[in-house]
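The values are calculated or read from the model by the stated rules, or taken from the named source; none is laboratory data. Model, not experiment: these values are computed from the prediction. All Cβ positions, glycine included, derive from the backbone under ideal geometry; neighbour counts span all protein chains shown. With ligands, DNA and RNA removed, areas are computed over all heavy atoms of the protein, side chains included. Shrake-Rupley method; radii C 1.70, N 1.55, O 1.52, S 1.80 Å.
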Amino acid sequence: ASAGCEGGGYSAVIRKFETSANWYDNLVAFALEGSDTISIVKNATKKLNVYGIFSNGSAKLINSSNLKFTTSGSVGSITDGVFTASSTAGTGTITVQCSGSTNPKPSVQLVINVTVTN
């Protein structure tokens, strides 16, 4: 510091800290652990481990409270990230999106094909 700025010394060090970043800011895709197709026996349960894929290539298991699960068809229901198959055989889908009354990342979703068997 005694040499001054022109002499190659430092007058200040600047560091940037992101304190208001959201977990989904750099989210580019979702992936289901195993496969995006589920075949399950009626009344059985399965934990849906959903990973977020981010723009830097990293992947992170996403807490189910940060996700919105929507089913189509009569395949079953989801509570806290656990899928419970219906009591009848059939097919349908589960759509996974970011949670919230307004989806903060509508361009990112995962569609899981589900078959419930006897």
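Data table
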read-out	value
Dipole moment magnitude, nearest 20 debye, the chain about Cα centre, only Lys, Arg, Asp, Glu C-beta charged	260 debye
Charge-dipole axis of the chain as Lys and Arg at +1 and Asp and Glu at -1 on Cβ define it, positive-most pick from Ser65, Gly52, Val28	Ser65
Heavy-atom accessible area per residue - the chain, 1.4 Å, Å²	64 Å²
Whole-Hz ³J(HN,Hα) from phi, Karplus 6.51 cos²θ - 1.76 cosθ + 1.60, for the stretch 59-68, glycine and proline x	10, 9, 5, 9, 4, 4, 5, 8, 10, 10
The stretch 57-118 shape via C-alpha gyration tensor axes, a/c threshold 1.5	prolate
14 Å beta-carbon shell around Pro104, net charge (K/R +1, D/E -1)	+1
For the chain, convex hull of alpha carbons as volume per residue, Å³	132 Å³
Length released on extending from Ser107 to Thr91, taking residue separation times 0.36 nm less the Cα-Cα span	3.3 nm
Neighbour cut-off at most 14 other Cβ (10 Å), DSSP loop, trypsin sites (Lys or Arg not before Pro), the stretch 46-115	none
With at most 12 neighbouring Cβ atoms within 10 Å, loop chymotrypsin sites (Phe, Trp or Tyr not before Pro) (DSSP) excluded, longest segment of the chain	18-118
Sequence-distant lysines (8 or more away, or on other chains) whose Cα lies within less than 19 Å of Lys105	Lys60, Lys68
